[in-house]
Amino acid sequence: MKVSEVLLHLWWYALAGSAGALAKSTGGSQPVIIDTDIFGDVDDVGALTVANTLQNCGLADVRGIAIDTHSKYGALAANVRFITLAYNWPRALDSSASTPTPLEMYRSVLNAATGNSINIISIGFLTNLADLLKSEPDKISSLSGKDLISSKVKELVVMGGNYPSGWEYNFGDMDPESTDYILRNWPKTIPMTFSGFELGGNVYSGQRIAENSPVNSPIVAAYQWYVGRGSTIRMSWDPITTLYGILGLDGFSKLGFRPMLAYANKDGYNSITSSNGSNAWVNDTSVTNQHWLKLADGVTNSSMAWLLDQFFIHEPSQKSCFGYLSE
């Protein structure tokens, strides 16, 4: 186990500046686990903000957040949404040492879940997921990690790779061995969808958040501190991945929008082609459980950026998301 920080029961810090508990889940909410490398880029903050907003309006049910970097501030940062803010904003969590390990969290949440209901959203390295896949039965569950995944996971959504081929940071920088292990051994009955570097790298979100958010907004502070010189514009790899991980292709209609994302392929599978984590898509009509994402026809980079900004500036006390009203 390379990482020992996780938030199992997370209290989100609201954008308006007051502490808030996890929203009550409803029948229409998608249960998710988010696995983040919140440490080296601010788009993880954007991703957690998307999840927070969708949870507040009843479309997401965040069951756990795993941290896949070594920083002791990781869990604290997720609790307030960014590492630089960990000691400057109110939070419910005081020490990452008080959290269970990622493996314990994964096995506990999956064991308690109903059949094939959980979407796992990976927006960092795949170390924690490889540990889960390799895990044996224990006191938490009599099932192996592979059996827990096969019986409890609905879909794995991964921000990683470059499509149709190339090198990308999440796949190749810290732990390419775990990337290769996941791609080779993930259960073939469970869908796996990839959001690549080329998708989020061309969508520059955050442009409108400074002038449309409260002065004490942690997301504005995070983006300004990371980007520098007061700017809040950043690529959107993790927010797009999280948006799909919760809404899928068809859930945008619940918000009053047309479909914003589509699959770029009909069949085939992802493969690692080098020890440095480079990947390439292999066309194979016999494999239909893997896809990579693109913007839907008619959707532009700027329109996707506009939608993400709507989440970033959304008032957390509102229990409605655009056209969708929480039960």
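Remarks
- Among the candidates GLU177, GLU211, the residue that is free of Cβ contacts under 8 Å to residues at least 60 places away in the same chain, more than 22 Å from TRP306 (Cβ to Cβ) and among the acidic types (Asp, Glu) is uniquely GLU177.
- Yes/no for LEU293 being in contact with a helix residue (DSSP H, G or I) (Cβ under 7 Å, 6 or more places away or on another chain) and in contact (Cβ under 8 Å) with a residue 12 or more places away in the chain: yes
- Matching residues, the stretch 101-131, being over 19 Å from the mean Cα position of the chain (by Cα), more than 11 Å from VAL153 (Cβ to Cβ) and assigned to a loop (DSSP other than H, G, I, E, B): THR114
- Here SER144 meets each of (1) surrounded by 16 or more Cβ atoms within 10 Å (Cβ to Cβ); (2) touching a residue at least 12 places away in the same chain (Cβ under 8 Å); (3) among the small types (Gly, Ala, Ser) with one exception, condition (2).
- From the options SER150, SER141, residue that is of a type outside the set (Asp, Glu) and part of a helix (DSSP H, G or I): SER150
- Residue in the stretch 199-223 that is farthest from the chain's Cα centre (by Cα), counting only those that are hydroxyl-bearing (Ser, Thr, Tyr) and surrounded by 19 or more Cβ atoms within 10 Å (Cβ to Cβ): SER213
- Among the residues making up the stretch 163-184, those that are aliphatic (A, V, I, L, M) and in a helix (DSSP H, G or I) are ILE182, LEU183.
- Considering residues of the stretch 185-210 that are modelled with pLDDT under 95 and assigned to a helix (DSSP H, G or I) only, the residue nearest to MET260 (Cα to Cα): ILE209
- Residue ID - nearest to ASN301 (Cα to Cα), chosen from residues in the stretch 224-248 that are surrounded by 23 or more Cβ atoms within 10 Å (Cβ to Cβ) and polar (S, T, N, Q): SER236
Let's see how each residue does on (1) touching a strand residue (DSSP E or B) at 6+ places or on another chain (Cβ under 9 Å); (2) surrounded by 19 or more Cβ atoms within 10 Å (Cβ to Cβ); (3) more than 17 Å from LEU156 (Cβ to Cβ):
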| residue | (1), (2), (3) |
| --- | --- |
| ALA262 | yes, no, yes |
| GLY268 | yes, no, no |
| SER271 | yes, no, no |
| SER274 | no, no, yes |
| HIS291 | yes, yes, no |
| LYS294 | yes, no, yes |
| SER303 | yes, no, yes |
| ILE313 | no, yes, yes |
| SER317 | no, no, yes |
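- Search result, residues across the stretch 258-298 that are farther than 18 Å from ASN185 by Cα and of a type in the set (A, V, I, L, M): MET260, LEU261, ALA262, ALA264, LEU293, LEU295, ALA296
- Residues in the stretch 155-174 that are small (Gly, Ala, Ser), over 14 Å from THR127 (Cα atoms) and crowded, with 21+ Cβ neighbours inside 10 Å: GLY161 alone.
The values are calculated or read from the model by the stated rules, or taken from the named source; none is laboratory data. Just so we're clear, the structure is a prediction, and the values are computed from it rather than from any experiment. Positions of Cβ are generated from backbone atoms using ideal geometry, with glycine treated the same way; all protein chains shown enter the neighbour counts.
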